[in-house]
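For reference, the structure discussed in these notes is given below.
The numbers here are math on the coordinates, done by the rules we state, and not lab data. What you see is a predicted model, and the numbers here were worked out from it, not measured in a lab. No Cβ is skipped: glycine too gets one built from the backbone with ideal geometry, and neighbour counts run over all protein chains shown.
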Amino acid sequence: MSHNELTDKRKLELVFQNFKESKNIDVEKQERKAKVDFINNNLMKDQLSNFNEGTVRELVQLLWSFQGWTNKDYLVEEMLKSGLGNIRDALEFLIYSEKPIAHRFDYVKRNIRMMGAAAISEVLTHFDEDCAIWNRRAREGLINLGVPKNKLPSSTQISGKQYEDFCFLAKKVLDEIKSFDQEIQNFLDLNSLLFFLSNLDTSIVEQNDEEEFIEDFNHDYAIQQVAQLGDGLGFEVETEFYVAPGCRIDALWRSRIANLGIISYAFEVHRRGSRDSAILNLQRVIKQDSSIQKVIVVSTKKEIEIFKNEIASLGEEFRDAIGYLEVDELEKALEHLDSLKEVLNYAGLLKT
C-alpha cells in the first residue's frame with residue numbers, strides 16, 4: 001500500500017474473486033432493483049404529492065438499514081409519530097434541496113423519528129452519486145480493506161459533517177478500487193463489496209489498534225438502538241414510556257410468559273444532565289411497576305462508573321434492581337444479533 005493510498009491492494013486481491021462468486025450478489029441485485037422501482041414510483045419529485053402511510057411501510061420494508069427489525073409495524077408507527085406531512089417534506093428536502101449534504105442529513109435526523117444515519121445515507125445513495133452508504137458494515141469492510149480506524153467515525157451515530165467527511169473518504173476508496181477492477185463503478189457497488197468484506201475472518205487484518213470507547217452519543221438514536229435490540233430478541237418494545245404520571249422511562253422491553261404474567265425491563269439512556277434526578281426517577285420507576293425486573297442505565301463507560309459510585313451508597317434492594325449497559329456494548333450486541341439473524345435466515349429459520 002503506497003503512502004497516499006487508503007486501501008491495501010494485497011487484501012483486495014485476496015478476497016475479490018470470492019466476492020465475485022458470492023451467492024448473495026444476485027439476491028442483492030434483486031433487492032436493489034426493487035428499491036429503484038419503488039423510488040421511481042414514489043419518491044420522484046412529481047410523485048411525492050401521493051406520499052402516504054403505505055409509502056412509509058414500503059420504504060421500511062425495502063431499506064437494508066431496517067432489516068434488523070423484527071416488528072416493522074412498530075417501526076412504522078414510531079416513524080409516523082413525526083407526522084406524515086413532515087416525513088414527506090423532510091424526504092423532499094433531503095433528496096432535492098440544494099443545501100449542503102451535512103445540513104440535509106442533520107435535518108432529517110431531527111425531523112423523522114427512527115431515521116438514523118444508515119437509513120438516511122441509503123436513501124441519498126440512490127439519488128446522489130457523491131453520497132455513500134454509512135453503517136457498521138461499511139466501517140468494518142473499510143477497516144478490513146486496510147483503511148485506518150482513525151480515519152473513520154468510531155460510532156454508527158454520526159452527524160451530517162461526519163457523513164460529509166465519510167463520503168469524501170469513500171470517494172477516494174472507490175477511485176482506488178475502480179483502478180483495480182472496473183466492476184465496482186459506484187457507491188452501491190462499493191456497498192456490496194464492503195458488506196462482503198465485513199463478514200471476513202478478521203485474521204487477515206492486523207489488530208494493533210487500542211480499544212476505542214465512545215465518549216459521546218446521540219441520545220434519541222441510542223433509545224432507538226435499545227428498542228431495536230429488544231425487538232430483535234423477541235420483546236414487545238415501547239419508547240418514552242410513562243410508568244406513571246410524571247414518571248417516564250426512555251425504553252421498555254415487555255414479555256408475556258405463561259404462569260408468570262408480564263415481565264419488563266426498563267432502560268434509562270443518560271447522556272448528560274443531573275444524575276441525581278435520573279436516580280430519583282429510577283427509584284420511582286421500580287416502585288411504580290412491579291413487572292419491571294431490572295432498570296438498566298445506558299451511557300458511556302465514564303458516566304456509568306460515576307453512576308455506580310453514586311448508587312453504591314443506596315439501599316441494597318435498589319442497587320440490585322439496577323443494571324448497566326455501555327453504549328459501546330449496545331452497538332456490539334446489535335452487531336452480534338445482526339450476524340445471528342443472517343445465519344438463521346440462511347438456514348431458513350427466519351421469515352424474510
Per-residue [θ]222 nm for the chain (sum of -39500 (n - 2.57) over DSSP H runs n ≥ 4, rounded to 500): -17000 deg cm²/dmol
Residue order, fewest to most beta carbons within 10 Å, for Tyr74, Tyr242: Tyr242, Tyr74
Pairwise centroid distance, computed over Cα atoms, of the stretch 141-186 with the stretch 229-246, Å: 35 Å
Contour minus Cα-Cα distance for Arg256 and Tyr242 (0.36 nm per residue): 3.1 nm
Electrostatic dipole magnitude of the stretch 73-138 [Cβ: Lys, Arg +1; Asp, Glu -1; Cα centre; debye, to 20]: 280 debye
Where only alpha carbons of the chain are counted, the Rg and the Dmax (Å): 21.6, 65
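Using 0.36 nm times the number of residues separating Asp37 and Leu84, minus their current alpha carbon distance, what extension gain do you get?
Numbers: separation 47, 0.36 × 47 = 16.92 nm, distance 2.16 nm.
Once the chain is fully extended between Asp37 and Leu84, it gains 14.8 nm.
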Label-point separation in nm, Leu314 to Ala347, each point 7 Å along Cα→Cβ: 4.0 nm
4 °C / 1.567 mPa s Stokes-Einstein diffusion coefficient of the stretch 136-202, Kirkwood radius on C-alpha pairs, µm²/s: 106 µm²/s
DSSP-defined beta bridges in the chain - what % are antiparallel, rounded to 5: 55 percent
The stretch 286-352: equivalent-ellipsoid semi-axes (sqrt of 5 x gyration tensor eigenvalues, Cα, Å): 33, 17, 7
Hull-based mean projected area of the stretch 9-204, where the convex hull spans the alpha carbons, in square nanometres: 11.0 nm²
Residue among Ile306, Asn259, Gln283 farthest towards the positive dipole end of the chain, charges placed on Cβ: Asn259
For peptides 128-136, 113-121, sequence by mean Cβ density within 10 Å, most packed first: 113-121, 128-136
Among the listed pairs Lys11/Lys332; Lys151/Lys301; Lys81/Lys149, those beyond 27 Å (Cα-Cα): Lys81/Lys149
For the stretch 279-347 and the stretch 68-117, distance of Cα centres in Å: 28 Å
D (Stokes-Einstein, µm²/s), Kirkwood Cα radius, the stretch 219-332, 0.692 mPa s at 37 °C: 230 µm²/s
Sparse-neighbour loop sites [trypsin sites (Lys or Arg not before Pro); the stretch 1-102; at most 11 other C-beta within 10 Å; DSSP]: Lys23
